[in-house]
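Coordinate-derived values only; no laboratory data. Predicted model, so just to flag it, every value in this text is computed and none were measured.
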């Protein structure tokens, strides 16, 4: 059995953040899908979602900290996709287009 090479530049922190996401398309009328961010780093995140997104897809994701009234929407790109352990949803690994700074990252985990 061969192991998959770890390509992340930083360790991800486990979390459980409710969010919404949608593919970024030229049509602009795609639905928002409910999802949960399961791990997070300043470079990217992993989420579970009932909707599958293909590798390379650009995805908008809402990020909400406990002290924000309104969520911030950030752009990301799907790096990998696999079936989630529940066999009913997808685990989707994404890279932020613009990395989070330390304050942004820490505010999501507090």
State the Cα centre-to-centre distance between the range 19-52 and the range 64-110 in whole Å. 7 Å
Out of 11, 74, 61, any idea which swings most in a Gaussian network model of the chain, alpha carbons joined below 10 Å? 11
Build a GNM of the chain with springs between Cα atoms under 10 Å: which of 71, 23, 85 gets the top mean-square fluctuation? 85
Run lengths n ≥ 4 of DSSP H only: what is the helix-derived mean residue ellipticity at 222 nm for the chain, with -39500 (n - 2.57) per run over all residues, to the nearest 500? -2000 deg cm²/dmol
Taking the range 13-109 on its own, what percent of its Cα-Cα pair distances exceed 22 Å? 22 percent
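I'd like to know how the range 13-60 sits against the 2.2 N^0.38 Å rule of thumb: what's its Cα Rg over that expected value? Before the final figure, lay out the partial values.
Values: Rg = 11.2 Å, N = 48, 2.2 N^0.38 = 9.6 Å.
Expressed relative to 2.2 N^0.38 Å, the Cα Rg reads 1.17.
Hey, what did the range 13-109 get for relative contact order, percent, Cα under 8 Å, at least 6 apart? If you can, show how the numbers build up before the last one.
Working: 222 pairs, mean separation 25.7, N = 97.
Reported as a whole number, the value is 26 percent.
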